[in-house]
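Data first, discussion second: the structure below is written as C-alpha cells.
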Amino acid sequence: NSHLLVSNLNNYFPEFKYIHTIRHGLDMAYSSNQHQLYNWGEMFGISRPKTKSELPYASFRYWVEANRRIIELRDKIGKEKIYLLNFDKLCQDPINEINMLVEFLGVDPDSSALKEAYSIPKIPESKGRYKGNDLSGFGREDISFMTSLGFLF
C-alpha cells in the first residue's frame, strides 16, 4: 500500500528513496490475497468483481494500473528516487539484483551482510500459479505492459 503515498513522501522527505517490488502480474491475478484490489481498486477505476470468475481480470487490471502509476511517478520525480524491483529476477539472480539495489541505495554493506542478503530470496511455490488457467480474457495491452517489465507470458 505504500505506493499510494510515494508522491507525498517525495513532497515531505526530499531525500527519500522508494523500492517498488513487482511480482508477476498474472501470478498476482490468481493470488488469494486480493486486499489491494478491494481496498484501492476503485481509486484506479477498477470496479469490484461481481463474481469469482471476474476476480483475476479485475486483479490484473489493478496490477497494471497501480504499476503504471508508479512508473509514471518515477519518470516524473526521478529514477534516483524510485527503484523498480522485479521479484522474479530477485529470486532467480539474487546477487545481481541485490547489487543493483545496493547501488540504488548508495550504501556499502560489509561482505557478510551482502552474503546473508544474497541467501534470502527464494522462488516461491506460487510462481507460475497462473499457468493452466484460461488466459484469453486478459487484454493484449495489459499483457504487453507486463512483458515490458520483464515478466514472461
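Using only helices, what value at 222 nm comes out for the chain when you add -39,500 (n - 2.57) per DSSP H run of length 4 or more and divide by the total residues, to the nearest 500 deg cm²/dmol? Spell out each step's value before the answer.
Details: 8 runs with 77 residues, N = 153.
Taken over the chain, the calculation gives -14500 deg cm²/dmol.
Hey, got the dipole for the chain? About the Cα centre, +1 on K and R Cβ, -1 on D and E Cβ, debye to the nearest 20? Could you put the intermediate results ahead of the total?
On the way: 19 positive and 19 negative charges, 99 e Å.
Computed about the Cα centre, the dipole is about 480 debye.
Quick one: grab the alpha carbon gyration tensor of the stretch 1-90, order the square roots of its eigenvalues as a ≥ b ≥ c, and give me rounded if a/c is under 1.5, else prolate or oblate depending on whether a/b is larger than b/c. Working shown, then result.
Details: a/c = 2.71, a/b = 1.76, b/c = 1.54.
Taking the square roots of the gyration eigenvalues as a ≥ b ≥ c, the stretch 1-90 is prolate.
State the percentage of accessible surface on the chain attributable to carbon and sulfur atoms; use a 1.4 Å probe and exclude ligands, DNA and RNA.
Working: 4890 of 9410 Å².
Accessible surface attributable to carbon and sulfur in the chain totals 52 percent.
So with the 1.4 Å probe, I'd like the accessible area per residue for the stretch 84-123, rounded to whole Å². Don't jump to the answer; show the numbers that get you there.
Values: 2570 Å² over 40 residues.
Per residue, the stretch 84-123 has an accessible area of 64 Å².
Mind telling me which of ASN33, ASN96, ASN11 comes out most flexible in a GNM of the chain, alpha-carbon contacts under 10 Å?
ASN11
What residues have an amide H closer than 5 Å to that of ILE22, excluding those fewer than 5 places away on the same chain, when H is modeled at 1.01 Å from N in the peptide plane?
Amide H neighbours of ILE22, under 5 Å, 5+ apart: LEU85, ASN86, PHE87.
Under a no-solvent Debye model with one identical scatterer per Cα of the chain, what's log10 I(q)/I(0) at q = 0.08, 0.12, 0.19 Å⁻¹?
With no solvent term, the Cα-only Debye profile gives -0.26, -0.58, -1.27.
Would you list the membrane-span-like helices of the chain, meaning whole DSSP H runs whose alpha-carbon atoms span at least 30 Å along their axis and whose mean Kyte-Doolittle value is at least -1.0?
Details: long enough: 55-77 (33 Å, -0.44).
Span-like helices in the chain: 55-77.
In whole Å and largest first, what semi-axes does the C-alpha gyration tensor of the stretch 46-121 yield when each eigenvalue is scaled by 5 and square-rooted?
Details: eigenvalues 213, 65, 11 Å².
Over the Cα atoms of the stretch 46-121, the semi-axes work out to 33, 18, 7 Å.
Cut-off 10 angstrom, C-alpha nodes, Gaussian network model of the chain. Which of PHE138, PHE60, PHE13 fluctuates the most?
PHE13
The values are calculated or read from the model by the stated rules, or taken from the named source; none is laboratory data. None of these values were measured; they are calculated from a predicted model. With ideal geometry, Cβ positions are generated from the backbone for all residues, glycine too; neighbour counts draw on all protein chains shown. Just so you know, the surface numbers come from the protein's heavy atoms only, side chains and all, with ligands and any DNA or RNA stripped out. Shrake-Rupley method; radii C 1.70, N 1.55, O 1.52, S 1.80 Å.
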